[in-house]
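The values are calculated or read from the model by the stated rules, or taken from the named source; none is laboratory data. Keep in mind the model is a prediction, meaning the values are calculated, not measured. Cβ placement follows ideal geometry from the backbone for every residue including glycine, while neighbour counts extend to all protein chains displayed.
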Amino acid sequence: MAGTGQNKTEQPTSRRLQKAREEGQVLQSQEFVSAATLLTLVGSTALLGPWFTRWCRTQIGAGLQPDTSVMDNSQAFIAFLNGRAIDAMLVMTPFFAAIVLAGVAASLAVSGLQYSPKALAWKIENLSPMKGLKQLISAESLVKLAMSILKLTFITAIVWFYIKERLELLATFQWLGMDQMLGAIGGLILGAVIRICLGLIVIAAIDLAYHKWKYIENLKMTKQEVREEHRDTEGAPEVKSRIRRKQYEAAMQRMLQDVPKASVVLVNPTHVAVALQYDGASMKAPVVVAKGGDLMCEKIKDIARSYGVPIIRRPALARELFATVKLGKPIPDKLFTAVAEVLALVYRLRKNR
């Protein structure tokens, strides 16, 4: 197996992360989702609280002054209960919808949107009692247990210190009227809930950071795995080298096919050869159609001789064209005069013939 006996010290590659997501291994943080859900519930309660309170008072008032006609027969009573149940469901729907949307949004914020058919596939090994027992007593489960205990201790401490500072206020409730008492209790509960939410935000941030670190740690790779993945992705070096060589040979072959079209070949005389083509009717400047050094230089000269293309010795000009002008490109303005002199010489030679 690749990487056996090696330390996994390398960060997971993008391909490794994508493969993990396809298999259903995504970053998860239950504490983050729980905190987001609770915060949304508190926010929606604060926003819809007055409306919900009025509805509750209406229902209580209706209950204290019931319509006795609904008791006349069972069908009327069942219709009455159904109406109350549907009414209650409609009232609670905004709260439930807010909680569901918050949970989904928090999950997407942590792990992103990912469809993984492999994660939904049924696996018989998941039914193994030994696997379940190993998961139950694994380091991951111990960390979850420790986090749960710490979370409970942390939240309990927050509530305790908050209530402890207000013990004297609680003692005065016996002299308050009903409305004042309910308002004071509501304010006390709201203060405790706000502090609990702040505590959960801290816990969620720690839990998210831990699970992100753990997720990356589990997907780390050995140096050998990184090399093998790069090899699979990019191809073996010898294969790439062979492909590049074939591409180069094909390009050189196409270039040599253009030598017979050249108007002149400038040489250095044995190390560099540059073939120029110029047609006054269709070109604004001479174009380099072929160039090469050493062995390629000799091939260009051999083809030029075979097709009667003039070969002119201009060492400095040939080196300048070879170094600065790419294949298929026109010569620069600064070399117009020198190349024009060579082309004029070629035309005179052809005329004299």
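Things worth noting here:
- Any chance Gln114 is in contact with a Lys or Arg (Cβ under 8 Å, 6 or more places away or on another chain), surrounded by 10 or more Cβ atoms within 10 Å (Cβ to Cβ) and at pLDDT below 80: yes
- The residues of segment 238-262 that are at pLDDT below 75 and either surrounded by fewer than 10 Cβ atoms within 10 Å (Cβ to Cβ) or in the same structural domain as Leu327 (by TED's automatic domain parsing) (or both) amount to a single one, Glu238.
- Checked across segment 271-280, the condition of being modelled with pLDDT of 90 or more and touching a Leu at 6+ places or on another chain (Cβ under 6 Å) holds for at least one residue.
- Residue within segment 222-231 that is among the charged types (D, E, K, R), surrounded by 12 or more Cβ atoms within 10 Å (Cβ to Cβ) and closer than 26 Å to Gln28 by Cβ present: yes
- Unique match (being of a type in the set (Gly, Ala, Ser) and in contact with a strand residue (DSSP E or B) (Cβ under 9 Å, 6 or more places away or on another chain)) among Ala290, Ala281: Ala290
- Pair list, Cβ < 7 Å and 6+ apart or interchain, from segment 267-285 residues that are over 18 Å from Glu341 (Cα atoms) to residues that are assigned to a loop (DSSP other than H, G, I, E, B): His271/Asp294
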